[in-house]
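Structure, as structure tokens:
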Amino acid sequence: MYLLKNFLGLFAATFFICIFILLMQFVWLHVKDLVGKGVELSVLAEFFVYAVASVIPLALPLAILLASLISFGNLGEKFELTAMKAAGISLFRIMRPLAIAIALLCVGAFFFSNNILPKSQTKLWALIFSLRQKSPELDIPVGEFYDGISGCNVYVRQKNARSGMLYHVMIYDFSEGFQNATVIVADSGQIQITKDKKHLMLTLYDGESFENIKQSQQRATGTQQNIPYRRESFERKQLLKDFDSELSRYDESVLQDQHVAKDVKALVHSIDSVNELAHEKSHQQSSKLVSKTYFGRDRVNDRQLVPVSQEERPQFDVDSLYAHLSPERKRRVAEVTEEKVRAQRDQIDYNAMLLDEYQRYIRKHEIELHRKFTLAFACLIFFFIGAPLGAIIRKGGLGAPVVISVVMFIIYYMIDNTGYKMAREALWPCWAGMWLSSFALLPIGVFLTYKAATDSGIFNPEVWLKAWEQSLKKLQELWTKYKKR
């Protein structure tokens, strides 16, 4: 109970630290979708809640590694671990309650990835797509053109921040097309958002507008002899422009067929369904290709093309027939053959592209299916790396454990990312790519657990120096025996 209480306290602290670090990294990737959009605090809070849920599966293994390192490092540094072993308690018995707790945590991580994560991922990406489509916050800069209003470029030389008045305004209006552009110059103006938050009302004072009407006049009369533009002077002029400042929610149902929005049952069902569909499509393509193109000629039967069987096909000596043709006929035959081969190659490429779409869909779902198990299993592996490693190095606190945890997690991330890319590009089977990190780190955990249980000082420089000296001595003895021969 003492060990479990200490470990859970450290795990809670390290877990929140890991979530914060990974959350900042996630927010940095999507900062352009948040900045300058005038997003409400409730929407930002919703974004952060869903983002936290998305980084939990990755934060769990790192938090377990760091907490187990610090926990057993503290026990070793305070000689509590030595006292337990002196009392006849083995390391496996010391680790047993924590191992049971981590196993339960792995089960909880799997259920989280299977039941909660798909829903949060669906809502998160729907919110991200909604933010990407949202119009930027209306903030016209001074001394440069602003293109945040659809169809317009606005230039302002001066601005009064308190009253909102704009001075020396120039507007290029391209809403009717570039050829029918309108240029408006005003001494001052003001921009307001309408009550429905769907439009902008531009009120301009003491100015002139220049409209290019050459294109419209030409379409109406069919002649070129027209006034190229129209000039208008005004004391007060109002323009209404579309500007939707509200956040339009993306339809979440569109994302329901994505792999990130499915649990294990839905993933397996999708994989089986698309596999069957791809197999049927491949069989149809190959049957059509073999029966019509390579082993039979088509004949017209009731206005339909029917492949001729092997017995019905007349036998010809193709080389002999081709040799008796005239040079002109030979050239024509070669051209027709080349055209048919090119058309057949295009058809094969098109069929391969269709089948590749199915295969990519299947690989995405298989990768997501294995990920739900590998992330949970990684928690158990990192415990059996962190706990014996902390017992060996006997260093607590946030010094050496943090450095070792970061190094181990970087190694894990690089291996896992390599396997993911291999599986995504179909260079490896999906199960091999997604379980690569587990296959690589599991032997390390077994080795460290064995060394810690046998009190091996693998991090003691004297042990390595003694092993090096013994190796040199054996090499010298072998060299002496070789020279005597």
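Some values worked out for this structure:
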{"read-out": "The range 343-432, accessible surface, carbon-and-sulfur percent (1.4 angstrom probe)", "value": "65 percent"}
{"read-out": "Summed residue charge, Cβ within 14 Å of Phe48's Cβ, Lys/Arg positive, Asp/Glu negative", "value": "-2"}
{"read-out": "Modelled FRET efficiency - R0 25 Å, Val406 with Phe16, Cβ distances, 0.05 increments", "value": "0.90"}
{"read-out": "Segment Asn417-Val185, length gained on full extension (0.36 nm per residue, minus Cα span)", "value": "77.9 nm"}
{"read-out": "Extreme residue, positive dipole direction of the range 18-96, given options Val49, Trp28, Phe72 (C-beta unit charges)", "value": "Phe72"}
{"read-out": "Nonlocal amide H pairs with His199, under 5 Å, H built at 1.01 Å", "value": "Thr194, Phe243"}
{"read-out": "Amide H within-cut-off set for His168, under 5 Å, with H built and near neighbours excluded", "value": "Ser188"}
{"read-out": "Residue-span extension gain [Arg162 to Lys265] - 0.36 nm each, minus C-alpha spacing", "value": "31.2 nm"}
{"read-out": "Lys, Arg +1 and Asp, Glu -1 on Cβ, resulting dipole of the range 14-140 about Cα centre, debye, nearest 20", "value": "420 debye"}
{"read-out": "Distribution of pairwise C-alpha distances over the range 36-111, 10 Å bins, in %", "value": "15, 32, 23, 16, 9, 5, 1"}
{"read-out": "Arg394, Arg363, Arg371, ranked by accessible area, largest first (probe 1.4 Å)", "value": "Arg394, Arg371, Arg363"}
{"read-out": "For the range 404-416, Karplus couplings with θ = phi - 60° (6.51, -1.76, 1.60), whole Hz, Gly/Pro x", "value": "5, 5, 5, 4, 5, 5, 5, 4, 4, 5, 5, 5, 5"}
{"read-out": "Amide proton proximity set for Trp428, modelled H, under 5 Å, gap of 5+", "value": "Ala423"}
{"read-out": "Residue-span extension gain [Ile444 to Leu34] - 0.36 nm each, minus C-alpha spacing", "value": "143.4 nm"}
{"read-out": "Solvent-accessible area per residue for the range 1-92 (1.4 angstrom probe, square angstrom)", "value": "51 Å²"}
{"read-out": "Principal axis dimensions, the range 64-161 - Cα atoms, whole angstrom, descending", "value": "82, 34, 16"}
{"read-out": "Global geometry of the range 322-404, whether rounded, prolate or oblate, following the gyration tensor of its Cα atoms and the 1.5 cut on a/c", "value": "prolate"}
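The values are calculated or read from the model by the stated rules, or taken from the named source; none is laboratory data. All of these numbers come straight from a predicted model, not from anything done at the bench. Here Cβ is always computed from backbone atoms with ideal geometry, including for glycine, and neighbour counts include all displayed protein chains. Accessible surface areas use protein heavy atoms only, side chains included; no ligands, DNA or RNA. Shrake-Rupley method; radii C 1.70, N 1.55, O 1.52, S 1.80 Å.
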